[in-house]
């Protein structure tokens, strides 16, 4: 009995040994399968290198791209991890995930749609039939609009829409110079309603224009005439749409935080340059989509960004693009103080060096110095509006042009 019972542990041990062999066989099968699978993946990866590169680009920057990037001279050298984002109310690239997703789905269709409407909403030579209103009056009123806009921290598209209203209205009927200022106030206030964002009260809004005759009832009367004259077409493509579109093209090329920050910085600076260009009557001869590209290029020049390898739209002839770009760079160079005071957190102190060097390479000598600030129109000062208005180009040479030609 004891021998019989004593044999059971031996039988149990044999059973354990027999069963214990099964996991070993399973492991061998798994190892063989893993080797075959890894070999298959390695072979497929050899033939599908393009697919692998697309997946790496879709998931983010590769290790090689994040470690080394090309500088302005085309040499490969280490750069900081990412540029520092600028702080300003016109920097709207804080949240990019939803914007990029929407852009990838509808960006091209939206661009083509607004491109077709661009000519209908962008009047040329809108001061041609005006007898009292001249470019100087236009410059003064648009500068006031910029100051009030910055004071209330409104969206940049609101400013663009108000200037568009003003230009379209002026192109359709002659005006007295005294009517231009209340008309500009009405355009800006109407734009705040259309954009549907935070809107100041009519009393606080009109107080900044410094005239007791501007009452809410009077502005409401002008607003009715304005909407009727514009045929109630109050939404249209402005330069801000094209600035955002071209910036999203840059940001979607490689979804890295550094690329997105760089695109956001260039967009914010380009908005300041576009605001400056809107005060100059001569820049309204260019389509908003063309001027938007030139403003972004001028912003790249200020920050020292290299965009030689970036794909650019070919909607305009090269000579027209070059002409508009040269004028934009000259405008920036001549009004650096205006830009630094308008967006102090965006434009660096070395703005003169970047813009002046680009202006010299352009070969033009019509560079004017910025004029002093217009006298205030109200005892209440808008905040962040210390920017002086740019001077209209005169017939004689300026001091900057004299230095360029060697005259003292």
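Is at least one residue of the range 263-279 free of Cβ contacts under 8 Å to residues at least 40 places away in the same chain and buried (at least 20 other Cβ atoms within 10 Å of the Cβ)?
yes
Given the conditions (1) at pLDDT 90 or above; (2) assigned to a helix (DSSP H, G or I), and given that residue 99 satisfies all but one, which numbered condition is not satisfied?
Tallying (1) at pLDDT 90 or above; (2) assigned to a helix (DSSP H, G or I), residue 99 fails exactly one: (1).
Just for the range 100-129: of the residues that are free of Cβ contacts under 8 Å to residues at least 24 places away in the same chain and surrounded by 11 or more Cβ atoms within 10 Å (Cβ to Cβ), which one is nearest to residue 159 (Cα to Cα)?
Filtering first and then ranking leaves 113.
Any residue at all in the range 140-150 that is over 26 Å from residue 244 (Cβ atoms), modelled with pLDDT of 90 or more and within 28 Å of the chain's Cα centre (by Cα)?
Yes, that holds for at least one residue.
The values are calculated or read from the model by the stated rules, or taken from the named source; none is laboratory data. Quick caveat: nothing in here was measured; it's all calculated off a predicted structure. Reconstructed Cβ throughout: ideal geometry from the backbone, glycine too, with neighbour counts over all protein chains shown.
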